[in-house]
Each structure stands twice: as C-alpha cells, then as structure tokens.
1. What residue, of 81, 43, is hydrophobic (A, V, I, L, M, F, W, C) and not assigned by TED's automatic domain parsing to the domain that holds residue 126?
2. Evaluate the following for residue 318: is it under 29 Å from residue 36 (Cα atoms), of a type in the set (D, E, K, R) and touching a helix residue (DSSP H, G or I) at 6+ places or on another chain (Cβ under 6 Å)?
3. Might you let me know whether the stretch 208-215 holds any residue that is closer than 30 Å to residue 316 by Cβ, in a helix (DSSP H, G or I) and of a type in the set (A, V, I, L, M, F, W, C)?
4. Look at residue 201 and say whether it is acidic (Asp, Glu) and either without any contact (Cβ under 8 Å) to a residue 60 or more places away in the chain or within 21 Å of residue 335 (Cβ to Cβ) (or both).
5. If a residue has to be under 15 Å from residue 151 (Cβ atoms) and in contact with a Phe, Trp or Tyr (Cβ under 8 Å, 6 or more places away or on another chain) to count, how many in the stretch 100-126 make the cut?
6. Where in the stretch 1-100 are there helices (runs of 4 or more DSSP H), lying fully within it, with 3 or more residues that are closer than 20 Å to residue 267 by Cβ and among the small types (Gly, Ala, Ser)?
7. Among the residues of the stretch 50-73, count how many are touching a residue at least 40 places away in the same chain (Cβ under 8 Å) and surrounded by 14 or more Cβ atoms within 10 Å (Cβ to Cβ).
8. Can you find even one residue in the stretch 258-275 that is polar (S, T, N, Q), under 25 Å from residue 317 (Cα atoms), surrounded by fewer than 16 Cβ atoms within 10 Å (Cβ to Cβ) and not assigned by TED's automatic domain parsing to the domain that holds residue 33?
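The values are calculated or read from the model by the stated rules, or taken from the named source; none is laboratory data. Since the model is a prediction, treat every value here as computed from it, not as a measurement. Using ideal geometry, Cβ is built from the backbone for each residue, glycine included, and neighbour counts are taken over all protein chains shown.
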Amino acid sequence: MRKVIHVDMDAFYASVEQRDDPALRGRPVVVAWKGARSVVCAASYEARTFGVRSAMPALRAARLCPEAVFVPPDFTRYRAASKATREIFRRHTGLVEPLSLDEAYLDVTTNKTALPTATAVAKTIRAQIRDELHLTASAGVAPNKFLAKLASDLRKPDGLFVVQPEEVDAFLAGLPVGRIPGVGKVTDAQLAALGIRTIGDLRGHGAGQLERRFGRYGRRLYELARGIDERPVEPNQPTQSISAEGTFERDQPLDAMEGRIRSLALKVWEALQQEHRVPRTVVLKLKTHDFKVLTRSITPPQLPASAAELAEVALALRERVGRPAKALYRLVGVGLSNFRDPGERQPELF
C-alpha cells in the first residue's frame with residue numbers, strides 16, 4: 001500500500017507577488033500582461049471572489065474585477081520559489097514527481113525523517129513552506145496519486161485532507177463524475193445520458209459495458225471509480241519538449257513575425273541550457289485568427305548551435321505553412337522536441 005501526498009501551492013504566482021510586495025497583500029491580484037490579447041496566468045483568492053480564473057482573457061478579468069491589480073508574470077522568481085519547495089520535499093523523500101512549478105506528487109511510503117505517518121509528513125511540509133518561504137500549500141494524502149490529487153482540492157486554500165484506505169469508497173461515492181481526470185464536457189454528457197452523474201453511479205456499470213461505450217478509457221473509468229490507480233510516483237521524468245509562445249496585440253502575417261520568433265527562440269534556447277538531454281526536432285506553432293492551431297516541424301541533421309541558429313530554422317519553417325501570404329495569425333510559438341539522451345542514435349528513416 002503506497003502512501004502518496006499531492007502538494008498544490010495556493011494561487012502560486014499571485015502568492016509570490018503578494019509575498020514579495022507587501023502593498024499587494026489583501027488586494028485582488030491578477031498575474032497577466034494587461035492587454036487585448038493577454039490571458040490570466042494566476043489570480044489571488046481575493047480576485048477569485050469576483051470570478052477571475054486562470055486562462056481567462058485579461059480584459060474579461062478587468063471587467064469582473066475593476067479594482068484588480070495587474071502584475072506582469074516574473075517566471076524567474078516563480079522558478080526560484082518552486083525550486084525551494086522541491087528542496088523541502090526532498091528532505092522527506094527522494095520520490096518527488098513535479099507536475100508543474102506549483103504542484104507535485106510525493107511517495108512517502110518510507111520517509112527520510114522517520115515521521116510516523118504520511119499525514120505527519122504532509123503537515124510538516126506545509127509548515128516548512130509557510131515558515132521558510134512565507135507561502136501556503138494545500139495537500140492531499142491517500143493510497144495513490146488519483147485519490148491524493150482529488151483530496152488536495154477539497155481544503156483549498158491552505159488545507160489538508162486525508163483519505164485512509166478504508167475510507168476510499170465513501171470518499172468517492174458522492175463526488176461528481178466530472179472530477180475524474182479526462183472527463184470533460186463531452187464525456188460528462190455521455191455519462192449523464194447513461195444516468196451516471198456521480199462516481200458512485202459509475203460503479204454500477206461493469207468494465208465491459210464501459211469499454212464498449214468508451215473504448216480503452218472505459219477500463220480506466222471502471223478502475224478509478226473504485227479508487228484503483230497503480231501509477232507510481234516517477235521522479236526525474238525525461239523532458240519531452242520545450243517551447244515558448246506569444247500572442248500578438250493584433251493579428252499578424254507570417255512576414256511580420258521575425259522579431260517575435262527570434263525572441264521566442266532565445267527563451268527556448270535559455271531553457272535548453274538546463275537540460276542534459278538533446279532535442280532533435282524544431283517546431284513552429286501558429287494559431288489562426290479563428291483559433292485553429294497549425295504546426296510545422298523539421299529534424300535537421302545537426303542541432304542548432306545557438307539561439308540565432310534556432311531562430312533561423314524556425315523562421316525557415318514559415319515556408320512550409322502553405323497558406324496565403326496575407327493570412328493572419330494571433331499566436332506564434334517556437335519549440336524543441338524529440339529529446340534523446342546524449343549519444344543515443346537517431347533511428348534510420350529508411
């Protein structure tokens with residue numbers, strides 16, 4: 001039986017801003033570039049009471065909360081705070097699986113500090129984050145990753161929820177089926193058509209029935225409804241891709257993007273310096289005015305040796321877009337993918 005903790009920092013980016021600037025404390029803070037094309041990166045809990053949420057257009061956030069303080073994101077400080085939280089996690093276990101800058105899974109089946117229970121470990125971690133970093137975190141403790149993630153959401157902000165093994169069935173039964181990962185609006189509607197609105201309802205359907213209706217995901221639904229999740233906490237998962245993207249104030253044609261592509265290539269190149277694995281593929285991403293996403297990629301014989309060379313490859317990919325020269329785009333991104341360990345051969349194409 002595993003003992004898993006899911007730690008989720010509370011309104012992380014906004015909380016870092018409030019911590020570092022006392023004038024922002026207690027005020028509705030929105031982390032976003034203020035502009036017609038900007039979206040909200042994070043919102044403090046004071047802003048959330050007005051309905052402001054992450055990924056919301058910044059203009060809508062400003063309408064919902066006219067007194068909001070807009071702060072441009074500073075990812076250098078957020079990464080530093082994230083690194084500090086992970087150092088706290090690693091005092092207790094080497095099995096830490098970061099999901100993003102602000103959340104991670106920890107396997108504390110055996111912990112380094114000889115604390116008697118996983119609950120004691122979670123309480124200690126939250127106290128250390130508060131005392132040392134002056135931030136707050138919510139945590140869920142459970143026998144697996146799925147249950148721990150659900151639990152951490154139930155006492156936010158600055159809370160702790162524990163699911164003991166014997167409590168799993170009762171814990172899950174009344175939760176909306178939409179709380180299961182992968183159940184979006186479409187699947188939720190399909191389940192509702194079958195009379196399934198809670199996880200308890202889902203348990204009344206067999207694995208075969210769910211697989212016939214939802215394919216392989218039906219088996220996953222069957223297992224999660226019963227609290228079954230065998231995924232281990234996996235530290236140091238290899239990087240799959242690195243990318244940076246930006247939205248234009250006004251839609252732009254391809255020939256007006258050079259400056260933005262070069263700046264994005266620089267960001268990607270700087271991020272690459274933290275990696276020991278080697279990418280093989282360069283990707284150009286575009287989003288049209290009607291939100292269709294286009295990608296073009298190339299795997300050159302040699303990896304670009306500098307940010308300038310990366311930019312040149314990305315710029316050349318514009319020739320492969322295959323749309324009218326006057327076509328307009330709202331977003332452009334540059335990425336690297338197809339990462340491999342140093343010395344690993346690229347598979348032969350023919």
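1. Every option except 43 fails the conditions.
2. So residue 318 fits the description; yes.
3. Among the residues of the stretch 208-215, not one is closer than 30 Å to residue 316 by Cβ, in a helix (DSSP H, G or I) and of a type in the set (A, V, I, L, M, F, W, C), which makes the answer no.
4. yes
5. Result for the stretch 100-126: 3.
6. The qualifying helices (runs of 4 or more DSSP H) are 75-92.
7. 5
8. Scanning the stretch 258-275, I find at least one residue that is polar (S, T, N, Q), under 25 Å from residue 317 (Cα atoms), surrounded by fewer than 16 Cβ atoms within 10 Å (Cβ to Cβ) and not assigned by TED's automatic domain parsing to the domain that holds residue 33, so the answer is yes.
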